[in-house]
Amino acid sequence: MELDSMAREPEDVLRDEVADSTPLIDPFGRQVTYMRVSVTDRCDFRCVYCMSEHMTFLPKKEVLSLEELETVCTTFVRRGVKRLRLTGGEPLVRRGLMGLIEKLARHLETGALEELTLTTNGSQLPHMAGDLYAAGIRRVNVSLDTLDPEKFAAITRWGKLDKVLEGLDAADRAGLKIKINAVALQNFNETEIEPMIRWAHGRGYDLTLIETMPLGEIDGDRSQQYLPLSKVRAELEQSLTLTDNPFKTGGPARYTDVKETGGRLGFITPLTHNFCEGCNRVRLTSTGKLYMCLGQDDDADLKRALREGGVQALDEAIAEAISRKPKGHDFEIARAAPNVSVARHMSTTGG
Ligand code: SAM
Ligand code: SF4
C-alpha cells in the first residue's frame, strides 16, 4: 500500500533537519514523551459506549493525509516523544496505514523512538498481524469486553467475536505481544471479569480494565453503564490475590499481579482516581487537533499550522500548545449534562 501522493517539500525536509529538538516540557515540569495518534475517526464497529449507531464521519479533506500524519509524528519524535500509539476509530481500517507504519518505524531503527504500538478492535488482525510485526510493531492492545458471542455482537453492534479471536490467534502466531483492554460495564460484563482475567492470563496476555469515560454523545444513558473499578477490584479480591505492582507502560494504568494466574491486571480509573500528576502524554486527532488533556476541551490546530506555515509553524504551534497543558482533568459522570461532559467521542481522540 502507498502513502498519500502529496510529497513533502524539500525545504520542509531541510527544515526538519535544522529544526528545534528541545524537549517538550509543560508548565508543571512534565515532559511530553508519549503521543496517541488517532489516524481515522472511522470504525467497522459501533460500540455502544463509544459511538451512536448512526455516526456522521468527517469529510476526507479534514482528515490529515498519511504524509501529514508522518510529518506531525516525526516532529514530535524530534522533540522527545519516545512512544507513539496509533489508534482511532479503528486504525487498521485506514487505507495505507501500513505505509505510514513503515515510515514511522525508521525512528525505531535510529533509536529516536522506543516504541510504536497500536490499539485495535482486532477485526483486521487476521490478515494484518504478520505485516504489522514485519513493519516493527511488537505490541498491540486489543479491545475486548466479553467472550460471549451474543453479548459481543450486542456491545459492538457490528462486530463478530470469532473474527477478533481469529485476529488474536494471528497476532500470537506473528509474535505480537498482546494486552486486552476491557471496559467495565454495569449490567453487562461484571460477572465475566474474573473469567476473562483467567482466560487472558492463560493465553499469556495482560488485561487492563477501563472505567467508562463521559466522552461524546451516545444513544444510551452513561450513568447506567458506569461501573467503578474500586467496586470491581473489591469483588475480585474475594477470589483473587491482587498485589500492587509499580510496573509502568507510560500509560495511565496502575498494575497489580494476580497470584492465582501469574498474570498482570491493570486498572484505568479516570473517574475514581485522578491519574494526572504523572501525565506525560498528548493526543492528536485525525483532523490534526492536539489535545493536551483527554478530559478537557482545549486544543491546538496543528493541521492549520502545518498547511499554512509548514514545519516551522507546526513546531511553533506544538511548543505553544504544550505551554497550555493543564494540570489535570475534571470528569464527573454526575455533573455530565445530560449525558456527556466532554463533547467529542473517544473515537475522535482515540482513547
Ligand atoms: N477501535 C480501537 C479499539 O476499540 O481498540 C481503538 C479506538 S477505541 C476509541 C480505544 C479504547 O477506548 C477502546 O479500548 C475502547 O473500549 C475505549 N473506549 C471507547 N469509548 C470509551 C468510553 N466512553 N469510556 C472508556 N473507554 C472507552
Ligand atoms: Fe470502534 Fe473502538 Fe469505538 Fe468500538 S471502541 S466503536 S471498536 S473506535
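The values are calculated or read from the model by the stated rules, or taken from the named source; none is laboratory data. This structure is a prediction, so every number in the text was calculated from the model and none was measured. Cβ sites come from the backbone with ideal geometry, for glycine too, and all protein chains shown count toward neighbours.
Residues that are at pLDDT below 95, under 19 Å from F188 (Cβ atoms), within 23 Å of the chain's Cα centre (by Cα) and not small (G, A, S): does region 239-254 have at least one?
No, region 239-254 contains no residue that is at pLDDT below 95, under 19 Å from F188 (Cβ atoms), within 23 Å of the chain's Cα centre (by Cα) and not small (G, A, S).
Which residue out of V282, V311 is at pLDDT 75 or above, assigned to a helix (DSSP H, G or I) and among the β-branched types (V, I, T)?
Details: V282 fails: assigned to a helix (DSSP H, G or I).
Every option except V311 fails the conditions.
Looking at (1) within 15 Å of ligand 1 (Cβ to nearest atom); (2) on the phi < 0 side of the Ramachandran plot; (3) touching a Gly at 6+ places or on another chain (Cβ under 8 Å), can you tell me which one G122 breaks?
The single condition G122 does not satisfy is (2).
Those residues that are without any contact (Cβ under 8 Å) to a residue 60 or more places away in the chain and under 24 Å from the mean Cα position of the chain (by Cα), I need them from region 306-322; list them, please.
Result: A317, E320, A321.
Got a sec? Which of T191, T212 is among the β-branched types (V, I, T) and in contact with a strand residue (DSSP E or B) (Cβ under 6 Å, 6 or more places away or on another chain)?
Values: T191 fails: in contact with a strand residue (DSSP E or B) (Cβ under 6 Å, 6 or more places away or on another chain).
Of the residues listed, the single one that is among the β-branched types (V, I, T) and in contact with a strand residue (DSSP E or B) (Cβ under 6 Å, 6 or more places away or on another chain) is T212.
Going by what's in this entry, would G89 be described as part of a loop (DSSP other than H, G, I, E, B), away from ligand 2 (no atom under 16 Å from the Cβ) and touching a strand residue (DSSP E or B) at 6+ places or on another chain (Cβ under 9 Å)? Give the steps one after another, and end with the answer.
Working: part of a loop (DSSP other than H, G, I, E, B): yes; away from ligand 2 (no atom under 16 Å from the Cβ): no; touching a strand residue (DSSP E or B) at 6+ places or on another chain (Cβ under 9 Å): yes.
No; evaluated as a whole, the condition is false for this residue.
When T117 is evaluated against the numbered criteria (1) hydroxyl-bearing (S, T, Y); (2) within 15 Å of ligand 1 (Cβ to nearest atom); (3) part of a helix (DSSP H, G or I), which criterion, by number, is the only one it fails?
Only one criterion is unmet by T117, namely (3).
State yes or no: is A112 of a type in the set (A, V, I, L, M) and in a loop (DSSP other than H, G, I, E, B)? Can you show your working first?
Numbers: of a type in the set (A, V, I, L, M): yes; in a loop (DSSP other than H, G, I, E, B): yes.
When the stated conditions are applied, A112 passes them.
A quick yes/no check of all residues on (1) without any contact (Cβ under 8 Å) to a residue 60 or more places away in the chain; (2) crowded, with 23+ Cβ neighbours inside 10 Å; (3) away from ligand 2 (no atom under 14 Å from the Cβ); (4) among the small types (G, A, S):
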site	(1), (2), (3), (4)
A129	yes, yes, yes, yes
A135	yes, no, yes, yes
R139	yes, no, yes, no
K160	yes, no, no, no
A170	yes, no, yes, yes
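For region 197-216, check the following and say yes or no: at least one residue is β-branched (V, I, T) and more than 16 Å from ligand 2 (Cβ to nearest atom).
The initial filter retains those residues of region 197-216 that are β-branched (V, I, T), namely 197, 208, 210, 212.
From what's left, more than 16 Å from ligand 2 (Cβ to nearest atom): 197.
Yes, that holds for at least one residue.
Within region 54-76, is there a residue that is of a type in the set (D, E, K, R), within 9 Å of ligand 2 (Cβ to nearest atom) and either touching a His at 6+ places or on another chain (Cβ under 7 Å) or at pLDDT 95 or above (or both)? Step through it out loud before you land on a result.
To start, the set of residues in region 54-76 that are of a type in the set (D, E, K, R) comprises 60-62, 67-68, 70.
Within this subset, residues satisfying the condition of being within 9 Å of ligand 2 (Cβ to nearest atom) are none.
Looking for residues that are of a type in the set (D, E, K, R), within 9 Å of ligand 2 (Cβ to nearest atom) and either touching a His at 6+ places or on another chain (Cβ under 7 Å) or at pLDDT 95 or above (or both), one finds none in region 54-76, hence no.
Return yes when M51 is within 14 Å of ligand 1 (Cβ to nearest atom), modelled with pLDDT under 95 and touching a helix residue (DSSP H, G or I) at 6+ places or on another chain (Cβ under 8 Å) and no when it is not.
Details: within 14 Å of ligand 1 (Cβ to nearest atom): yes; modelled with pLDDT under 95: yes; touching a helix residue (DSSP H, G or I) at 6+ places or on another chain (Cβ under 8 Å): yes.
When the stated conditions are applied, M51 passes them.
Taking only pairs six or more apart or across chains, which ones have beta-carbon atoms under 9 Å, a first residue in region 75-93 that is without any contact (Cβ under 8 Å) to a residue 40 or more places away in the chain and closer than 19 Å to G136 by Cβ, and a second residue that is away from ligand 1 (no atom under 14 Å from the Cβ) and in a loop (DSSP other than H, G, I, E, B)?
Qualifying pairs under 9 Å: V77/A112; V77/L113.
Filter region 26-61 for residues that are within 30 Å of A112 (Cα to Cα) and exposed (fewer than 15 other Cβ atoms within 10 Å of the Cβ) and give the result.
Passing the criteria: P27, F28, G29.
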